[in-house]
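Data block below; observations after.
The values are calculated or read from the model by the stated rules, or taken from the named source; none is laboratory data. Just so you know, these numbers come straight off a predicted model, no measurement behind them. No Cβ is skipped: glycine too gets one built from the backbone with ideal geometry, and neighbour counts run over all protein chains shown.
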Amino acid sequence: MSVPYGTAACEPPDSSDSPEEHLARLLGRALNSFELPDESVRRLDCALAHDSSLHSAHHGGGLHRETYRHTWLLADGSALTLWELAHNTAPGGEPQHEVYVDEEELRTATARLPLPSEAPEFELPVTAVAFPLPAVRQTYASDDSPDHARRLLRRAENADRPGAETAALLSTACAHRITQAFGRPSRSGRTALCISLYEHAFLLGDGGEMSLWEVEHTVTPDRRHMCEVYTSEDAARRAMERRAAQSC
């Protein structure tokens, strides 16, 4: 997670953290963690993967406030989100952390903070924006991209994996990049399962762009790694939910 204006009020998550370790770190620094419903904490005992992102930030006059969204994929295929509020109440003061299960509770807690109204605001929209944003050109690496596409499609084991038409399009790829879109796998606990999502984005010879979405998991009888590949993020995330439910 990155924080604007160069102020890091919240400790960045370690990419090697398991879901259990990440939860422990979050609850350990939150002053009000004892107020969380027991049922929510119990549900997180079966988390298979987690993801964190900066949701919004407010800085000015030496004061700051950031909110973070922490989401866990659970073994029943559902997801649970905790909202973290990190802030200082006086210039130069130590950052404090609070955690909430409901976004409305987060807004109420945020409204109580004594931040100056003239402080600049930085918001990350969740579902929509009020004005069009310019497209951001991603950085690609040229490294035998057609071969990377062939190997990705070859290891896909799902019956509805992309077919010959997609393979033909990707044979013209001149560059690609790989981004982990969700999941830091569980390395401990009762299941030691892994479910992760990766985006493989390709720059095609005609200047177009195309992405394949890879779900890597160990929801198999012998806990071996299995790869599934989809042409849309929605289809890949539905597959993640199905596999998580199968692990129960």
Is there a residue in the stretch 236-246 that is in a loop (DSSP other than H, G, I, E, B), surrounded by fewer than 17 Cβ atoms within 10 Å (Cβ to Cβ), modelled with pLDDT under 95 and not acidic (Asp, Glu)? no
Here the residues within the stretch 80-106 that are touching a helix residue (DSSP H, G or I) at 6+ places or on another chain (Cβ under 8 Å), aliphatic (A, V, I, L, M) and either part of a strand (DSSP E or B) or at pLDDT below 85 (or both) are Leu80, Leu82, Leu85, Val99
Per the filter on the stretch 140-180, residues surrounded by fewer than 16 Cβ atoms within 10 Å (Cβ to Cβ) and at pLDDT below 85 are Ala141, Ser142, Asp143, Gln180
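Conditions (1) part of a strand (DSSP E or B); (2) surrounded by 13 or more Cβ atoms within 10 Å (Cβ to Cβ); (3) touching a Ser or Thr at 6+ places or on another chain (Cβ under 8 Å); (4) among the hydrophobic types (A, V, I, L, M, F, W, C), marked per residue:
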site	(1), (2), (3), (4)
Phe34	no, no, no, yes
Leu44	no, yes, no, yes
Asp51	yes, yes, yes, no
His55	yes, yes, yes, no
His58	yes, yes, no, no
Glu66	yes, yes, yes, no
